[in-house]
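The values are calculated or read from the model by the stated rules, or taken from the named source; none is laboratory data. What you see is a predicted model; the values in this text were computed from it and never measured. Reconstructed Cβ throughout: ideal geometry from the backbone, glycine too, with neighbour counts over all protein chains shown. In case anyone asks, the SASA skips ligands and DNA or RNA and just uses the protein heavy atoms, side chains included. Shrake-Rupley method; radii C 1.70, N 1.55, O 1.52, S 1.80 Å.
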Amino acid sequence: MKDSSFSAKNWLINNIPEPSAEAESLEVQKHAATAGGPTPVPSIQSGEFLVSDHIIPKWRGESLLTKGSMKFKKIVFELFTEAKTQVKSFKNRNRSLKQSLFQEFIEYTTHNGIHPEGVSDFNQFWAQLDDKSGPSHECIQDFLKVYCLRSISVYILKVRFLTQLSSFYSKTLTKNEILNPNSTLSKIFKVSSSRELSSRALGTNEYSWFRPNENFGDSILELSSILKDLNPIEFFKVLNHEIPNELSVVLFHNETDKYSHAFSNRNSGLMINNLLINFPKWIENHGGYFNFNAQPQCLSTLFTGNFLNSLTISHWIAQENNSTEAWQEIICPEFRGDNYVNGQYLKIFQEIQFMTFLVNLAPKQNKDPISLIVSLFKQKSNKSRITASGQFALLDATEVQQSIYDRILVNLVNIPKKNPHHYLITNIMQNGEHLSNSGYMYVFSNQKLFVPSHAAKNEALFKQYKLLMRFNLEGLKGKGEIPRYFYIFSKRVVENKLDIFGNPDVNSTLLKESCLSVNMNGDLTHFSKFDFFVEEIDKLFANKKAIDAPLFSNETKCGLSFEFHQDAILNGKLLSNNSESDKITHPQYFKNLTKSCIPFDQFFSVESLSNYREDENYDLLGFNLNPQERYPYLLIVDFTNENDIKLELTTIDSLKAKIEEYGNAYFQYFGLLPKISNLNINLFREFFKTTIGKQITQLTFNGGLKKTKAKLNAMLIPKFLEKTEFLPTHHIESLQDITLSKEDILKTDFSVYTQKLASKVDNINLLAKRWPWHTSCILSHLKIIIGNYRDQVNSGKVQMKYDYSSNTLISKIVALPKTPIYPNNQDIYLETLISERSDIHLPLTSAIFEKSEHTTKLRLISNDTEVLNLHGEIQLLQFIQFILTSAVGTPISTIIQSLEVPAAAELNSLLTEQDQVAQNVNETFALINNTLNNIIIGQINN
């Protein structure tokens with residue numbers, strides 16, 4: 001071999017067969033004749049062939065069979081033949097062994113839907129075992145292949161376990177110790193000793209009968225030597241796939257039992273392990289529980305549902321991948337199915353595999369293997385004796401029918417077409433009975449939980465289990481058998497009187513609860529790209545806090561995206577469970593939002609003032625400052641309506657008044673100190689009022705009043721609010737004709753102004769694309785000025801002139817309910833000014849309206865004598881003045897007794913409808929408000 005370095009590109013080039021000169025010439029001539037020119041020869045340099053397109057990224061070659069695995073396969077075939085020979089001698093063995101074999105046959109045929117002819121009882125089965133002419137001979141022989149293969153597999157697993165164990169202690173196993181592993185293991189883990197192990201896999205079970213003949217001594221020694229160096233993936237591949245295929249052993253008769261490449265992938269295992277170990281620490285906001293024992297804690301974990309055989313592979317690959325890290329907790333798995341394929345055999349197989357894994361793990365964790373195994377199995381046994389309510393059972397672990405687990409993973413890939421939602425709910429409730437009070441249940445399902453028509457069923461479920469997090473993989477293509485939805489639940493402790501849900505049997509109203517949501521989207525061209533999502537979940541748990549991370553996303557160049565956001569559940573429904581394009585959970589909107597927004601704490605320093613006392617001061621660089629001196633702004637979070645949480649932004653000098661007005665029960669107060677100069681506080685107010693601002697507010701402050709400051713700091717705000725770029729002078733001048741001051745507004749003709757503003761909207765929108773901050777500031781200023789004027793107009797505080805002589809207006813006023821102005825009118829107060837009682841009968845000569853700083857009144861005068869003053873609201877007094885213009889000469893006493901007028905509020909309402917000025921002001925305000933709202937939302941969309 002040459003000393004030069006190896007290059008895959010050079011090797012591929014050198015191995016591409018070069019055409020002969022004659023052939024090349026003929027090809028060129030042929031192409032020239034048809035296309036009019038020569039064809040370039042394909043080359044690697046031109047990019048037409050890429051090595052990366054033909055290999056799997058991050059593949060380590062685990063599935064390739066080595067020389068050792070070929071030898072292993074040969075010995076397995078020999079043991080299989082020996083097992084078949086020994087089974088034939090069962091007729092001369094004890095009845096319990098024969099009964100065990102017959103029971104296995106019944107389970108095999110039942111699972112596969114086989115009805116063996118002529119085999120209805122124990123005796124008929126043994127009669128046909130060697131009868132080649134029997135009607136069920138072929139069926140029995142197929143079963144014996146499976147049975148013998150399972151038995152030798154359990155034997156090989158024990159030999160492998162002993163081999164790894166002896167290797168750690170540098171002890172050489174004798175031929176007899178390997179031939180009879182049951183006896184050897186019973187000496188290591190002695191009954192009634194400190195090393196006693198409560199394990200059915202190492203005791204007597206359906207497959208523990210097999211023991212090779214002494215003639216196999218040399219082969220077994222060779223097997224032990226091979227197993228020392230055979231990696232787990234090769235071992236599983238040969239034992240569970242290569243051997244069954246070559247022996248024509250049918251392991252999966254049903255489609256639902258078949259092998260899944262997606263679930264057996266390393267990335268699937270890493271993701272599941274991460275969720276099992278790190279999610280609880282993340283959601284509980286701690287680094288792990290304190291361990292008083294020197295040994296790691298046992299996380300008793302149940303895996304159940306579909307594709308269990310595939311899940312075992314990804315689990316052990318992931319465990320091996322992470323074995324060099326320091327472990328405080330160890331997943332103690334139990335793979336439990338409900339059929340022949342993934343029932344007791346799988347449980348026994350995986351239990352021995354778990355022990356073997358612990359032998360390899362122990363030195364990496366600086367532990368003694370036997371001590372580690374015994375400690376974990378004792379912990380697991382003790383946990384199995386604790387009931388769901390936390391009480392310790394007096395029965396031995398082997399007698400307890402229902403074990404309790406710290407973690408439960410339910411894999412529901414194959415959902416029935418009939419009543420799928422009921423199937424999902426039922427599985428959650430049934431498996432949840434085995435969950436400890438502090439445990440977590442992970443449900444993988446192709447059935448969506450949040451179906452609007454089943455909200456009532458969800459409410460019943462949520463009274464017993466709290467949904468903490470959901471993963472939505474609907475938009476992820478190429479994921480194979482991985483389900484569309486993941487749900488993570490915890491158990492509600494109904495005995496806890498502080499639990500807001502109380503006893504689930506009591507009809508109580510469910511409150512809105514927070515729920516974390518993750519969306520995974522894209523196209524997996526090959527499954528190795530799934531590691532992007534594994535890494536993102538890792539980053540989420542490592543860098544974000546569950547309580548105050550409102551939303552964020554990440555996207556790869558190849559189109560894979562990971563989106564996280566806070567969500568809420570109310571009345572059994574997910575609040576963001578929609579696909580409207582203006583909702584933040586819509587994929588495109590979500591992506592734009594995370595790119596165009598930054599956290600609130602990049603704009604302000606935030607300090608809680610909820611426990612504010614008037615005499616309290618803050619020390620800053622040796623100076624004592626009260627909140628009014630330290631923070632210019634006050635932000636109030638209003639939790640009075642949990643379905644409509646509101647933010648109020650004002651100046652700090654109103655702190656005391658606001659606390660007295662609102663109190664502290666449902667309001668929290670925060671002082672704000674800007675970190676950026678020229679921040680326009682009004683733009684923040686405007687953002688909070690927009691549709692997107694309200695949605696972000698609801699998602700940010702989900703989950704009640706806890707950690708409100710942290711949530712506020714993380715709240716997303718459009719980043720353009722920090723870019724205080726001013727418009728050029730010539731653009732500012734172009735907007736001068738729509739700029740108003742408080743003094744100008746009273747002189748403004750709004751019918752003309754509204755048209756002028758409407759003509760400028762397109763230009764304003766163009767300016768907003770380049771200078772959004774300054775353009776928004778101008779509109780915000782206009783909105784405040786016109787908004788204040790609008791409020792004055794609508795409330796009647798601004799004096800307007802109305803044409804009461806209009807038939808249309810007067811007919812509407814006449815139609816209003818009326819009451820006399822005397823003696824009891826709520827809107828009119830009569831002030832008498834006469835010195836003689838007879839003066840009340842004087843004729844009316846004039847009615848004069850006067851308005852001062854403190855009051856408005858209508859003076860009723862007879863010649864030079866002022867008889868009465870009528871006090872009331874402006875519009876009502878002006879209307880009475882209009883009526884009295886036609887009553888000149890009428891005695892004032894008659895007017896008082898006969899005059900009826902409408903209520904002031906109803907008159908004001910009618911006049912507001914008829915007032916064209918008020919309409920123009922309202923239209924102008926709406927136009928400014930919509931334009932400003934569109935600019936803010938547009939900055940997010942674009």
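Counting only helices (runs of 4 or more DSSP H) that sit completely within the range 153-251, those holding 3 or more residues that are closer than 17 Å to LYS74 by Cβ and either in contact with a helix residue (DSSP H, G or I) (Cβ under 6 Å, 6 or more places away or on another chain) or open to solvent by 70 Å² or more (accessible area, probe 1.4 Å) (or both) correspond to 217-229, 243-246.
SER314 falls short of the stated requirement of being buried (at least 22 other Cβ atoms within 10 Å of the Cβ), in the same structural domain as LEU424 (by the TED database) and in contact with a Cys (Cβ under 8 Å, 6 or more places away or on another chain). The selection criterion, being assigned to a helix (DSSP H, G or I) and at pLDDT 95 or above, holds for LEU424.
Conditions tested, residue by residue: (1) more than 30 Å from TYR789 (Cβ to Cβ); (2) modelled with pLDDT under 85; (3) among the acidic types (Asp, Glu); (4) in contact with a strand residue (DSSP E or B) (Cβ under 8 Å, 6 or more places away or on another chain).
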site	(1), (2), (3), (4)
GLU661	no, no, yes, no
LYS675	yes, no, no, yes
THR690	no, no, no, no
GLY693	no, no, no, no
LYS706	yes, yes, no, no
PRO718	no, no, no, yes
PHE726	no, no, no, no
LEU746	no, yes, no, no
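Does the range 780-787 contain at least one residue that is of a type outside the set (Ser, Thr, Tyr), in contact with a helix residue (DSSP H, G or I) (Cβ under 8 Å, 6 or more places away or on another chain), closer than 19 Å to ILE936 by Cα and free of Cβ contacts under 8 Å to residues at least 40 places away in the same chain? Taking every residue of the range 780-787 in turn, none turns out to be of a type outside the set (Ser, Thr, Tyr), in contact with a helix residue (DSSP H, G or I) (Cβ under 8 Å, 6 or more places away or on another chain), closer than 19 Å to ILE936 by Cα and free of Cβ contacts under 8 Å to residues at least 40 places away in the same chain. Going by what's in this entry, would LYS175 be described as of a type in the set (D, E, K, R), more than 27 Å from ASN112 (Cα to Cα) and touching a Gly at 6+ places or on another chain (Cβ under 9 Å)? When the stated conditions are applied, LYS175 passes them. Among the residues of the range 203-244, those that are farther than 22 Å from LYS171 by Cβ and of a type in the set (Gly, Ala, Ser) comprise GLY203, SER208. Among residues of the range 275-311 being under 23 Å from the mean Cα position of the chain (by Cα) and surrounded by fewer than 19 Cβ atoms within 10 Å (Cβ to Cβ), the one that is modelled with the lowest pLDDT is GLY288.
Just give me the residues in the range 843-854 being open to solvent by 50 Å² or more (accessible area, probe 1.4 Å) and modelled with pLDDT of 85 or more, in sequence order.
So in the range 843-854, the residues open to solvent by 50 Å² or more (accessible area, probe 1.4 Å) come out as 843, 845, 848, 850-854.
Result: PRO843, THR845, ILE848, GLU850.
Contact map, the range 732-746: residues that are closer than 18 Å to LEU927 by Cα and assigned by the TED database to the domain that holds LEU766 paired with residues that are open to solvent by less than 70 Å² (accessible area, probe 1.4 Å) and not in a loop (DSSP other than H, G, I, E, B), Cβ distance under 6 Å, separation 6+ or inter-chain. Pairs shown: ILE738/LEU757; ILE738/LYS760; LEU740/ILE785; ILE745/TYR789. Looking across the range 925-934 at every residue that is over 17 Å from ILE696 (Cα atoms) and not small (Gly, Ala, Ser), the one that is most open to solvent (accessible area, probe 1.4 Å) is identified as ASN930. Could you please let me know if LYS448 is under 25 Å from SER310 (Cα atoms) and out of contact with any strand residue (DSSP E or B) (no Cβ under 9 Å at 6 or more places or on another chain)? No: the conditions fail for LYS448.
A quick yes/no check of all residues on (1) over 22 Å from SER852 (Cα atoms); (2) surrounded by fewer than 17 Cβ atoms within 10 Å (Cβ to Cβ); (3) touching a Phe, Trp or Tyr at 6+ places or on another chain (Cβ under 8 Å); (4) in the same structural domain as LYS851 (by the TED database):
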{"site": "VAL867", "(1), (2), (3), (4)": "no, no, no, yes"}
{"site": "HIS871", "(1), (2), (3), (4)": "no, yes, yes, yes"}
{"site": "GLN878", "(1), (2), (3), (4)": "no, no, yes, yes"}
{"site": "SER886", "(1), (2), (3), (4)": "yes, yes, no, yes"}
{"site": "GLY889", "(1), (2), (3), (4)": "yes, yes, no, yes"}
{"site": "THR894", "(1), (2), (3), (4)": "yes, yes, no, yes"}
{"site": "SER898", "(1), (2), (3), (4)": "yes, yes, no, yes"}
{"site": "ASN908", "(1), (2), (3), (4)": "no, no, no, no"}
{"site": "THR912", "(1), (2), (3), (4)": "yes, no, no, no"}
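Examine the range 705-726 for a residue that is among the hydroxyl-bearing types (Ser, Thr, Tyr), in contact (Cβ under 8 Å) with a residue 12 or more places away in the chain and within 30 Å of LEU516 (Cα to Cα), and state whether such a residue exists.
Let us first name the residues in the range 705-726 that are among the hydroxyl-bearing types (Ser, Thr, Tyr), namely 708, 724.
When the remaining residues are screened for being in contact (Cβ under 8 Å) with a residue 12 or more places away in the chain, the result is 708, 724.
Applying the additional criterion that residues be within 30 Å of LEU516 (Cα to Cα) yields 708.
Yes, the conditions are met somewhere in the range 705-726.
Identify all residues within the range 481-498 that are open to solvent by less than 60 Å² (accessible area, probe 1.4 Å) and at pLDDT 90 or above; write none if there are none.
Going residue by residue through the range 481-498, those that are open to solvent by less than 60 Å² (accessible area, probe 1.4 Å) are 482-483, 485-494.
Matches in the range 481-498: ILE482, PRO483, TYR485, PHE486, TYR487, ILE488, PHE489, SER490, LYS491.
Taking residues in the range 164-191 that are assigned by the TED database to the domain that holds PHE216, and partners anywhere that are open to solvent by 80 Å² or more (accessible area, probe 1.4 Å), the pairs with Cβ atoms closer than 6 Å and at least 6 places apart or on different chains are SER167/LYS228; ASN180/ARG211; PHE189/ARG195.
Considering only the range 125-132, I want to know if a residue exists there that is open to solvent by 20 Å² or more (accessible area, probe 1.4 Å), at pLDDT 90 or above and not β-branched (Val, Ile, Thr). So far as the range 125-132 goes, no, none of its residues is open to solvent by 20 Å² or more (accessible area, probe 1.4 Å), at pLDDT 90 or above and not β-branched (Val, Ile, Thr). When the range 817-842 is filtered for residues that are part of a strand (DSSP E or B) and open to solvent by less than 90 Å² (accessible area, probe 1.4 Å), the ones remaining, listed by number, are LYS818, THR819, PRO820, LEU830, GLU831. Checked across the range 113-126, the condition of being farther than 30 Å from ASN342 by Cβ and of a type outside the set (A, V, I, L, M) holds for at least one residue.
Could you pull out the residue among THR739, THR729 that is hydroxyl-bearing (Ser, Thr, Tyr) and within 18 Å of THR931 (Cβ to Cβ)?
Numbers: THR729 fails: within 18 Å of THR931 (Cβ to Cβ).
None of the other options fit; the residue is THR739.
Looking for something of a type in the set (D, E, K, R), outside any helix (DSSP H, G or I), within 25 Å of ASN519 (Cβ to Cβ) and modelled with pLDDT of 80 or more - is there at least one such residue anywhere in the range 574-587? Among the residues of the range 574-587, not one is of a type in the set (D, E, K, R), outside any helix (DSSP H, G or I), within 25 Å of ASN519 (Cβ to Cβ) and modelled with pLDDT of 80 or more, which makes the answer no.
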